[in-house]
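A quick write-up on the structure given underneath.
The values are calculated or read from the model by the stated rules, or taken from the named source; none is laboratory data. Keep in mind that this is a model prediction, so the values were computed, not measured. With ligands, DNA and RNA removed, areas are computed over all heavy atoms of the protein, side chains included. Shrake-Rupley method; radii C 1.70, N 1.55, O 1.52, S 1.80 Å.
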Amino acid sequence: MEVQCYLFVLLGSTLFVDKSRDRLRPAINLFLKDHRRLTNYAWGAGALAYLYRQLGVATRAGSKGLCGCLTLLQAWIYEYFPLFRPSQLPQSLDAPRASSWISPRLSGGDEARQRLARYGQLLDELSADDVTWTPYGRDGHTDIPRSLYTGPIRFSDIAEGYDPSRCLRQFGYRQIIPGAMTVPHDQYRPASGSSYIVFWDLWVNQLWDNVAARRLDLDFASRPCEHPSEIVEEYVDWFLTRSHPRITHPTDGEPQPRPLLVHQVSYDFLLLFQI
């Protein structure tokens, strides 16, 4: 019982964090009843599904925060964007990658506002050359075959789509127009509240157990790229029809230029948003 309680608190305060402060999701306890099965669960996929859901919730009007495994999100930023990386310690290959970063000690007040403004300027000036497109190497998918799995990933009642064809550049392949994703057959979004519910067909729940049949064939889908940010010619047109068409400028009370259409922004800046 003591071990079960410890793991319940550990998982609830690291991988599956919510905004309730001193409360934990009861669904976590369902996976801890038999400690002998703990190694059978895909905790990484579950944490990623939960984080995807929280990122979706955070985009809703009225949302004032973000939860989930933010250590995972922060480590992802460090891996892909060298401009925002802190110092890093040398580490053995079998150690967790995220533990090598040295978190800087940050202060608040005016210094925090200046730092935020600086980060905004760096984001505005980012180019394709400022992105590490293949931080795990061009052959990382051969070491972890499930990284090419296509279909929903789940944690308890949460299921989110996962499609590696939408980020082929991180495998060293030219980005193509991805195919249609597996989607739920129904969904419910309450007018109030911070969550939403999706309903999947029963056969979808079995996809994770058939990775061989659901594994993306990189050589069939695309080809190795010569430049890390390479895309097919039609990709930009496809992207523009599925993203916000305008980038707005911050305002400080003074008149600002009209927002730019996305296709008027530099090409490298556009590529950044589909890593």
Q) Computed from the mean reciprocal separation of all distinct C-alpha pairs, what Kirkwood hydrodynamic radius does the chain have, in Å? A) 21.4
(Q) Among 61, 213, 128, which one shows the highest mean-square fluctuation when the chain is modelled as a Gaussian network with alpha-carbon springs under 10 Å? (A) 61
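Quick check on the chain: helices-only [θ] at 222 nm, where DSSP H runs of length 4 and up contribute -39,500 (n - 2.57) each and the sum goes over total residues. Nearest 500, please.
Working: 9 runs with 76 residues, N = 275.
My calculation for the chain gives -7500 deg cm²/dmol from helical runs alone.
Taking the convex hull of the alpha carbon atoms in the stretch 172-225, what volume per residue do you get, in Å³?
Numbers: hull volume 7.7 nm³, N = 54.
Given the Cα convex hull of the stretch 172-225, per-residue volume reads 143 Å³.
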(Q) With a cut-off of 8 Å between alpha carbons and a minimum separation of six or more residues, what is the relative contact order of the chain in percent? (A) 16
Q.
Given a 10 angstrom Cα cut-off, can you work out which residue in 217, 130, 110 is the most mobile in a GNM of the chain?
A. 110
Q. Under a 1.4 Å probe, what is the accessible area of the chain per residue, stated in Å²?
A. 66
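With all protein chains present, how much of the accessible area of the stretch 120-218 (probe radius 1.4 Å) comes from carbon and sulfur, to the nearest whole percent?
Working: 2700 of 5430 Å².
Whole-percent figure for carbon plus sulfur exposure: 50.
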Q. Which residue fluctuates the most in the chain, going by a Gaussian network model with Cα springs under 10 Å, if the choices are 29, 210, 40?
A. 40
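Short version: what are the Cα gyration tensor semi-axes of the stretch 1-140, square root of 5 times each eigenvalue, largest first, in whole Å?
Taking √(5λ) for each eigenvalue gives 31, 21, 15 Å, largest first.
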Q: Based solely on C-alpha atoms, express the radius of gyration and the Dmax of the stretch 110-235 in angstrom.
A: 18.6, 54
Q. Can you tell me the Rg and the Dmax, both Å, for the Cα atoms in the stretch 68-132?
A. 13.5, 40
